[in-house]
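Report on the following structure.
The values are calculated or read from the model by the stated rules, or taken from the named source; none is laboratory data. In this text, all values refer to a predicted model and were calculated from it rather than measured experimentally. Here the Cβ is made from the backbone with ideal geometry for all residues, glycine too, and neighbour counts use every protein chain on show. Heads up: the accessible areas ignore ligands, DNA and RNA and are worked out on the full protein's heavy atoms, side chains in. Shrake-Rupley method; radii C 1.70, N 1.55, O 1.52, S 1.80 Å.
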There are 2 protein chains.
Amino acid sequence: MRPPFFDNWLWQVIIPSTIPNLECPISTTMFEFTLQATCGHARVGVFRTPHGDLSTPVFAPVGTQATVKTMTPRDLSELGATLVLANTYHLYLRPGSGLIEGLGGLHRFMGWDGPLLTDSGGYQVFSLKTLRKVDIDGVTFRSHLDGSTHHFTPEKVIAIQEELGSDIAVCLDECAPPLDRAYNEEAMARTHAWAVRCRASHRRTEQALFGIVQGGVFPDLRIESARFITSLDFTGHAIGGLSVGESKEQTYATLDLLNDCLPQDKPRYLMGVGTAQDFFEAVARGVDIFDCVLPTRLARHGAALTQYPIPNTQSQRGRLNLKNAQYAADEAPIEDSCGCYTCRTFTRAYLRHLLVAGEILGLHLLSIHNLHFLLDLMRRIRASILDGTFEQLTTAWRTPSDV
Amino acid sequence: MRPPFFDNWLWQVIIPSTIPNLECPISTTMFEFTLQATCGHARVGVFRTPHGDLSTPVFAPVGTQATVKTMTPRDLSELGATLVLANTYHLYLRPGSGLIEGLGGLHRFMGWDGPLLTDSGGYQVFSLKTLRKVDIDGVTFRSHLDGSTHHFTPEKVIAIQEELGSDIAVCLDECAPPLDRAYNEEAMARTHAWAVRCRASHRRTEQALFGIVQGGVFPDLRIESARFITSLDFTGHAIGGLSVGESKEQTYATLDLLNDCLPQDKPRYLMGVGTAQDFFEAVARGVDIFDCVLPTRLARHGAALTQYPIPNTQSQRGRLNLKNAQYAADEAPIEDSCGCYTCRTFTRAYLRHLLVAGEILGLHLLSIHNLHFLLDLMRRIRASILDGTFEQLTTAWRTPSDV
């Protein structure tokens, strides 16, 4: 199969010598994706990986530096986490992907024997302001650790992820400011050229490679990007460039559009998105995989995710800032209805004490709660799709009971 | 019973109005101490507390601010910890012992339902250099948190510990530099006067109160202190003022002396001591209870406790500094023979990565290992006393095999 955009200028000018071998085998049985049920556009599926089957939709906690912050692998398993994301950029710089490969790969290194997903590193390069130069060949950047200069090409990014040995790798992409049309046109062109080269250089058969769709909030660009990326026969498709500055309406409109453009029979991964509201809206638009640093980052800021607004508080709806003095003698758990270890065992007063006293255990206990909150919500979403009550669950969530 | 020193100057001058009611009931069944086996002077016993029976000798991890740093209560239970120490000084200042009492006491506050031991707060007052004035009535000090002024009297320190609701409380004492005779004479006199007042003011029947023996490295002072403190009919006896600057020989000579002076039928608690070597030496001299911040403090410095010298390293014997570059690609666990979660799961290379990257999980995993190391050693010591092989275990420990 030749990609439909094979004859466009980009293809011919930029990548004449790297025409991908699209007959390169991608194991379909190893990464079989089976839909089990749908409810509107929401779907429940099973995505087979070399480290186990993933029930989708699935939320992946983020283990930036080969650790989901404060959590052991067994803590994650107990919470029901099945997929973990690790950051290519960070691990490439420290301790080094070659070192990790020499130690048996990332699974063994971090003690996680479930499925692993790696990002491309591109997001950090562009967002950490370490960027020096981007051109059609790749990006040159300075390490945020020591200022040393590095060059990421599509091939390099694939090689790093192959060294890490994740179950799911993604292509190098460029995430542009979502409302800047000119920028998005250029960035998308680079992303497409890089996708071709990533696809061509990827060799690790026990690793799925996902292409990334870009295009900001512009429907024509998103359609063009989806057409191009899906033509390259990736195992799955990632949706980049959302939740990075556009409105929620624009996010959801883009997801609606992509739900029509992306093939139903391959998993869709919405990158970096992970609030409860986003889960409902994106699952309703056919998204299968999520990742987000939100639960562990909020924990480090002393905030707990909650389903309901907290009565008599100034907390942001659905978030409890446990450093507030009003919780100093509060005997309640974070949320009465929560079944996590933290809520079963500790009061808000104790959690506040730990946070105020600078005790690490406070961050750990909040991380447990916040991860449980999102993982448990995703379990309930899956169950509701299976029994046909996804809309009711969505409605119930949107309309909190009087508490 | 009148204490034998009842007529001395100190007693008459300082505490005429607070003669303790030595008939005040101390429940002997609630805090029954039963010796099960001895091996030389080493003993295995069971110390009954309202929150469960303690098998002695026992090592108590330190939960300074109502948390053993980085560890959940269930982590501690899994490691086999049975007794935890919390710091009166820190909890009095933050979050406040009254607040903890209002929340149901320290056990409930920190989610630990096993036996709890509290210190008197005196050690922090004297060691944190927050001291403003000490006299026979008590100590005035500034908070290390906000500079506010506070006054600890013997009665106040007992009241705080009663609010916390620990199973074992101790008297206010003054820990002097161990080699300064004049200082020790004065400090011991104050410690004795305070012990009388602590004993008199203590009312909580479901809490054991231990008297503290002081006297530095001076045998006559230690004998005098032991005689005075044991005359006050405490539930157990604490040994203060050791491992604070004197030589190991002086420490052990003092323990030899106190082994003869302290009654066999009450538990002995050696405060703030917790290396493997100290365990063997002190257990051999009849000590039953230990506490020390060493395992968690070393973890925060990136150091792991090990039984054997590590071959081909410059690490201090029995300690592994995991930040060293030589471990960057080291596939071995901290110690092959160790059965803790950290050693069963992770390589030195991964632990070093976490420490170098500033990841909290590194501190947690090292704390698990270091606590396991000491708790497991104490289990082996207890078993060896029960089966009469304590001396063999001591010898084997002192003579590491060739590795």
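A few notes on this one:
- Candidates B:ILE368, B:ILE381 - the one that is within 30 Å of B:GLN36 (Cβ to Cβ), open to solvent by less than 10 Å² (accessible area, probe 1.4 Å), within 11 Å of another protein chain (Cβ to nearest Cβ) and not hydroxyl-bearing (Ser, Thr, Tyr): B:ILE368
- Filter pass, A:PHE280 being in contact (Cβ under 8 Å) with a residue 60 or more places away in the chain and either within 30 Å of A:ALA349 (Cα to Cα) or in a helix (DSSP H, G or I) (or both): yes
- The single residue among B:GLY358, B:GLY388 that is at positive phi, open to solvent by 30 Å² or more (accessible area, probe 1.4 Å) and without any contact (Cβ under 8 Å) to a residue 12 or more places away in the chain turns out to be B:GLY358.
- Condition met for B:LEU393 (at pLDDT 95 or above, within 14 Å of chain A (Cβ to nearest Cβ) and buried (at least 17 other Cβ atoms within 10 Å of the Cβ)): no
- Wholly within the range B:125-208, strands (runs of 3 or more DSSP E) carrying at least 3 residues that are over 30 Å from B:GLY111 (Cβ atoms): B:131-135, B:138-142
- Each residue in the range A:338-365 was checked for being within 27 Å of A:GLY272 (Cβ to Cβ), in a helix (DSSP H, G or I) and either more than 12 Å from every other protein chain (Cβ to nearest Cβ) or of a type in the set (Gly, Ala, Ser) (or both), and 1 of them qualify.
- Total residues in the range A:185-212, condition touching an Asp or Glu at 6+ places or on another chain (Cβ under 9 Å), closer than 19 Å to A:SER127 by Cα and free of Cβ contacts under 8 Å to residues at least 60 places away in the same chain: 6
- Within the range A:127-139, tally of residues that are out of contact with any Leu (no Cβ under 8 Å at 6 or more places or on another chain) and either aromatic (Phe, Trp, Tyr) or more than 17 Å from A:HIS90 (Cβ to Cβ) (or both): 6
- Candidates A:THR230, A:THR235, A:THR191 - the one that is within 21 Å of the chain's Cα centre (by Cα), surrounded by fewer than 24 Cβ atoms within 10 Å (Cβ to Cβ), farther than 30 Å from B:TYR350 by Cβ and at pLDDT 95 or above: A:THR230
- Taken residue by residue, the range B:269-289 has at least one member that is closer than 21 Å to B:ALA383 by Cα, surrounded by fewer than 16 Cβ atoms within 10 Å (Cβ to Cβ) and modelled with pLDDT under 95.
- Across the range B:78-94, the qualifying residues are those that are more than 16 Å from the chain's Cα centre (by Cα) and within 12 Å of chain A (Cβ to nearest Cβ), and the one among them that is least open to solvent (accessible area, probe 1.4 Å) is B:LEU91.
- Output for the range A:95-109, where each listed residue is facing chain B (nearest Cβ under 10 Å) and outside any helix (DSSP H, G or I): A:PRO95, A:GLY96, A:LEU103, A:GLY104
- Selection status of A:THR70, of a type outside the set (A, V, I, L, M, F, W, C), crowded, with 17+ Cβ neighbours inside 10 Å, away from chain B (no Cβ under 14 Å) and touching a residue at least 12 places away in the same chain (Cβ under 8 Å): no
- In the range A:143-150 there is no residue matching the filter, namely being of a type in the set (Val, Ile, Thr) and either buried (at least 16 other Cβ atoms within 10 Å of the Cβ) or closer than 24 Å to A:ILE239 by Cβ (or both).
- Of all residues in the range A:317-337 being within 12 Å of another protein chain (Cβ to nearest Cβ) and among the small types (Gly, Ala, Ser), the one that is surrounded by the most Cβ atoms within 10 Å (Cβ to Cβ): A:ALA329
- Where a residue in the range B:27-51 is farther than 26 Å from B:HIS202 by Cβ and its partner, wherever it lies, is charged (D, E, K, R) and crowded, with 18+ Cβ neighbours inside 10 Å, with Cβ under 6 Å and at least six apart: B:HIS41/B:ARG285; B:VAL44/B:ARG382
- Among (1) in contact with a Pro (Cβ under 8 Å, 6 or more places away or on another chain); (2) touching a residue at least 40 places away in the same chain (Cβ under 8 Å), the one test that A:THR342 misses: (2)
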